[in-house]
1. Give me the Debye-computed log₁₀ of I(q)/I(0) at q = 0.07, 0.08, 0.09, 0.11 Å⁻¹ for the chain, equal point scatterers on Cα only, no solvent, two decimals.
2. If you filter the range 137-217 for trypsin sites (Lys or Arg not before Pro), then keep DSSP loop positions with at most 15 other Cβ within 10 Å, what is left?
3. Just how far, in whole angstrom, is the range 199-229 from the range 41-73 if you go by their alpha carbon centroids?
4. Comparing A243, A66, A194, which has the greatest mean-square fluctuation in the GNM of the chain with Cα pairs linked when under 10 Å apart?
5. Kindly provide the chymotrypsin sites (Phe, Trp or Tyr not before Pro) of the range 29-64 that DSSP labels as loop, not H, G, I, E or B, and whose Cβ sees at most 12 other Cβ atoms within 10 Å.
6. Per-residue ellipticity at 222 nm for the chain, helices alone: DSSP H runs ≥ 4 residues times -39500 (n - 2.57), over residue total, nearest 500 deg cm²/dmol?
7. Please report the spacing between the Cα centers of the range 157-175 and the range 116-132 in Å, no decimals.
8. Tell me whether the range 174-297 comes out rounded, prolate or oblate; compute the Cα gyration tensor, take square roots of the eigenvalues as a ≥ b ≥ c, and use a/c under 1.5 as the rounded threshold.
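Each reported figure results from applying straightforward, stated rules to the coordinates on display, with no laboratory input. Bear in mind that the values here come from a model prediction, so they are computed numbers and not experimental data. Cβ placement follows ideal geometry from the backbone for every residue including glycine, while neighbour counts extend to all protein chains displayed.
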Amino acid sequence: MSEPATLVSGGLAWAGSRTADYLELAKLRVVSMVLVSTAAGFYLGETHSFDYVRALHLMIGTALAAGGTLALNQFFERDIDAKMLRTRMRPLPDHRLKPSEALVFGIITTIAGFVYLWFEVNTMATMVTLAITILYLGAYTPLKRVSTICTMVGAIPGALPPAAGWAAARGTLGVEALTLFAIMYFWQLPHTLAIAELYREDYARANIRLLAIEDPRATRRQIIGNTVVMIAVAVMPTILGFAGLSYFLIALVAGIVMLVYGIRLAASPTTVAARRLLFASLVYLPLVLLVMVLDKV
């Protein structure tokens, strides 16, 4: 291979590697989950024909804001990530990106998302998305180091995307948007606590204040209690009239399945039990959102 061709090939490989690092910084898998729940909220909030153009704008703005927020989170937590086995190979602790690069990328991408939503969607959706970023970076991220309530606080921004989708469709928030928020909120708690059970030693190594580390028994009680509340809240869309009977039955059965796995974890706190609960929770959310959308009244 000639020298110019070698230089071009090397440059492309470097550019590809850098792009991959920035995409990893934005946590595309998490962003995709945010987009799914936001899109569900938007569809459920639509009162007339589906507005594909606005939906596309919502997805673009949300992806930018979410990816930038998650990048900033990695910037602030780069010292924590370096201590944990599951995160130490991320771009910042592995020194593939400089902290300043992550900071600039996060700020620009997040602001771009807000501006895009403001001009192409509406004010209310922008405000809800802004609240997600503020709560995630300003409350949840620092609380990880000081209090076990970080999980409950962190579930708030994590539960707001469907409400943002609803706001994008209607320009307002109502009891339906609050219900979507509540379903996501109470689902997140057993889901997150199951993750904490699985990686308790890793989190302890980084001095993260989690209930699973400081009071494992309380963690298991929280899993069961919050799953029970989740089941009760999840049937509300049918009661409120924006989902049908099919949704009611599937949400109820899926919630009971999660509860069974939560009870099993409480009775026998093993890694296998935690993984089963985590898997059940990962199935539950997309299933419930999909059926709610298909059974929209």
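1. Here the Debye-derived log intensity ratios amount to -0.29, -0.38, -0.48, -0.70.
2. Within the range 137-217, the qualifying trypsin sites (Lys or Arg not before Pro) (loop, at most 15 other Cβ atoms within 10 Å) are R145.
3. Measuring centre to centre over Cα atoms gives 32 Å.
4. Maximum among the listed residues: A243.
5. For chymotrypsin sites (Phe, Trp or Tyr not before Pro) across the range 29-64 that sit outside H, G, I, E and B with at most 12 neighbouring Cβ atoms in 10 Å, the list reads F50.
6. -25500 deg cm²/dmol
7. Computed from Cα coordinates, the inter-centre distance equals 10 Å.
8. Prolate.
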